[in-house]
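The values are calculated or read from the model by the stated rules, or taken from the named source; none is laboratory data. Just so it is clear, the structure is predicted and the values come from calculations on it, not from any experiment. Positions of Cβ are backbone-derived with ideal geometry, glycine not excepted, and every protein chain shown enters the neighbour counts.
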Amino acid sequence: MQRIQVFTSQRNRRLALGGIGVFAAGIIVLYVLVQTYVPIVFSPEELKTVVQRFGLLAPLVYILVHIVQVVVMALPGYALAVGGGYLFGPVAGISYPWLVSLSGVVSPFYSPGGTVAKLSSR
């Protein structure tokens, strides 16, 4: 039976483990910063109160947060979808993320100078 070699050298192994350590430390720092400066993220009732203050614009704000989540990718989309279900109910909570995802998929096809438009015209 052959032994699988993951790293080609001890140096590469140390670099990989160091990178994982730096990444983990960054996640911990990010968690502490969010817990300190944006505590409503961890309190569903406070978050619902803040979102309700937006009134009729609340769905638009939620959709914009979803768009930012797609770009930033540090925000978990699943958590936003579950939060949307909690904030807006099951039907609207599912519909808003679906609309954001659908618009993200369809927009390259209909953008005038988009990559898909250029590729499909060849």
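Considering only residues that are of a type in the set (A, V, I, L, M), without any contact (Cβ under 8 Å) to a residue 24 or more places away in the chain and closer than 23 Å to Tyr31 by Cα, which ones fall in the stretch 62-102? Please lay out each step first, then the result.
Step one: filter the stretch 62-102 for residues of a type in the set (A, V, I, L, M), giving 63-65, 67-68, 70-75, 79-82, 87, 91-92, 94, 99-100, 102.
Next, only the ones that are without any contact (Cβ under 8 Å) to a residue 24 or more places away in the chain stay: 64-65, 68, 71-73, 75, 79-82, 91, 94, 102.
Listed by number, the residues that qualify are Leu64, Val65, Val68, Val71, Val72, Met73, Leu75, Ala79, Leu80, Ala81, Val82.
Kindly check whether there is at least one residue in the stretch 45-67 that is out of contact with any Asp or Glu (no Cβ under 9 Å at 6 or more places or on another chain), assigned by TED's automatic domain parsing to the domain that holds Leu87 and not in a helix (DSSP H, G or I).
yes
Scan the stretch 28-49 for residues that are surrounded by 11 or more Cβ atoms within 10 Å (Cβ to Cβ) and of a type in the set (Val, Ile, Thr) and jot them down.
Val34, Ile40, Val41, Thr49
Residue under question is Leu57, and the condition is that it be at pLDDT 90 or above, over 23 Å from the mean Cα position of the chain (by Cα) and more than 16 Å from Leu80 (Cα to Cα); does it hold? Let's see the steps before the verdict.
Numbers: at pLDDT 90 or above: yes; over 23 Å from the mean Cα position of the chain (by Cα): no; more than 16 Å from Leu80 (Cα to Cα): yes.
The answer is no for Leu57.
Look at Gln5 and say whether it is modelled with pLDDT of 85 or more, over 20 Å from the mean Cα position of the chain (by Cα) and surrounded by fewer than 13 Cβ atoms within 10 Å (Cβ to Cβ). Explain how you work it out, then say what you get.
On the way: modelled with pLDDT of 85 or more: no; over 20 Å from the mean Cα position of the chain (by Cα): yes; surrounded by fewer than 13 Cβ atoms within 10 Å (Cβ to Cβ): yes.
It is false that Gln5 is modelled with pLDDT of 85 or more, over 20 Å from the mean Cα position of the chain (by Cα) and surrounded by fewer than 13 Cβ atoms within 10 Å (Cβ to Cβ).
Tell me the residue from Ala24, Ala58 that is small (Gly, Ala, Ser) and in contact (Cβ under 8 Å) with a residue 24 or more places away in the chain, please.
Working: Ala24 fails: in contact (Cβ under 8 Å) with a residue 24 or more places away in the chain.
Only one candidate qualifies: Ala58.
Closer than 27 Å to Val105 by Cβ and either of a type in the set (A, V, I, L, M) or in contact with a helix residue (DSSP H, G or I) (Cβ under 9 Å, 6 or more places away or on another chain) (or both), is that true of Pro44?
Details: closer than 27 Å to Val105 by Cβ: no; either of a type in the set (A, V, I, L, M) or in contact with a helix residue (DSSP H, G or I) (Cβ under 9 Å, 6 or more places away or on another chain) (or both): yes.
Here the answer is no, as Pro44 does not meet what is asked.
Name the single residue that is nearest to the chain's Cα centre (by Cα) among those in the stretch 73-122 being of a type in the set (Gly, Ala, Ser), at pLDDT below 80 and not in a helix (DSSP H, G or I).
Among residues in the stretch 73-122 that are of a type in the set (Gly, Ala, Ser), at pLDDT below 80 and not in a helix (DSSP H, G or I), the one nearest to the chain's Cα centre (by Cα) is Ala74.
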